[in-house]
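Beneath this line is the structure, given in structure tokens, with notes to follow.
The values are calculated or read from the model by the stated rules, or taken from the named source; none is laboratory data. What you are looking at is a predicted structure, and each value in this text was computed from that prediction instead of being measured. Ideal geometry is used to build each Cβ from the backbone, glycine not excepted, and the neighbour counts take in all protein chains shown.
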Amino acid sequence: MLKFYCTPWSRASTVFWLLEELSQPYEIELVDIRAPGGVPEGYRAIQPNKKVPAIDHDGIIVTERAAICIYLADAFPEAGLAPAIGNASRAAYMTRLVYCDSVFDPAIAVRSKGWEYAGSDFSFGLFDDMVANLEKLLSKHPYAVGDSFTAADTQLAGGIDFTMNILKVLPRLPVFVDYIARATDRPAYKRYRAKEAELASKVTPLFDS
């Protein structure tokens, strides 16, 4: 059985989308990471830093979003969401998927705080370089890895959508708008959003009302 530990409107959201793309049964375990009293200490047995997402697949626990996505897409190859090992596009797929966590997310976080820094200060480099890289990539190809939708798109499109349309940190470039429209026009995305909206009322909200 596959158990998914998540909080609505969090970094777990893109894994939620991926799970719907896989069309496999899974259970949801809500973890209220924003609760005033904090996350129960017992959750450290699943995720040492008490963060989401995390999964438990038949007793195999995987944490860290990129690792979860790689694991799931490979565990269920029939979904066709990852190039097979040995496929020439596997390298680009892995690069784009990990880029979301190692460069995109931290660059967005620093920009949202208004911090000034040199490109050599942090391993993820400059915000403007990240934006230029993604603009160039998505101007050449309809998806993160060429012409086909992959697990990398659940992470990249989900990240761009949230940081551009909700956080208002990422610039609203036409290539990003087109990419989001294309990537989210999928039944699995619509199912995930409906389920997440239903669960959102059961945890502490992301934004104060």
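For the reader, a short list of remarks on this structure follows.
- Sole residue being of a type outside the set (S, T, Y), modelled with pLDDT of 95 or more and touching a strand residue (DSSP E or B) at 6+ places or on another chain (Cβ under 6 Å), chosen from F127, F149, F162: F149
For (1) surrounded by 17 or more Cβ atoms within 10 Å (Cβ to Cβ); (2) outside the structural domain of G158 (by TED's automatic domain parsing), each residue gets a yes or a no:
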site: T7; (1), (2): yes, yes
site: L30; (1), (2): no, yes
site: I33; (1), (2): yes, yes
site: G37; (1), (2): no, yes
site: P53; (1), (2): yes, yes
site: R65; (1), (2): yes, yes
site: F104; (1), (2): yes, no
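Here's the yes/no breakdown for (1) in contact with a Pro (Cβ under 7 Å, 6 or more places away or on another chain); (2) in a helix (DSSP H, G or I); (3) touching a residue at least 40 places away in the same chain (Cβ under 8 Å):
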site: P171; (1), (2), (3): no, no, yes
site: F176; (1), (2), (3): no, yes, yes
site: I180; (1), (2), (3): no, yes, no
site: Y189; (1), (2), (3): no, yes, yes
site: K195; (1), (2), (3): no, yes, yes
site: P205; (1), (2), (3): no, no, yes
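- Strands (runs of 3 or more DSSP E) contained in the stretch 1-65 and holding at least 1 residues touching a strand residue (DSSP E or B) at 6+ places or on another chain (Cβ under 7 Å) and free of Cβ contacts under 8 Å to residues at least 12 places away in the same chain: 60-63
- Number of positions in the stretch 69-84 that are assigned to a helix (DSSP H, G or I) and either touching a Pro at 6+ places or on another chain (Cβ under 6 Å) or surrounded by fewer than 13 Cβ atoms within 10 Å (Cβ to Cβ) (or both): 2
- Near pairs, Cβ below 7 angstrom, 6+ apart or cross-chain, from the stretch 70-91 (touching a residue at least 24 places away in the same chain (Cβ under 8 Å)) to any residue that is surrounded by fewer than 17 Cβ atoms within 10 Å (Cβ to Cβ): F76/Q24; A79/S23; A82/D74; P83/S89; P83/R90; S89/G146
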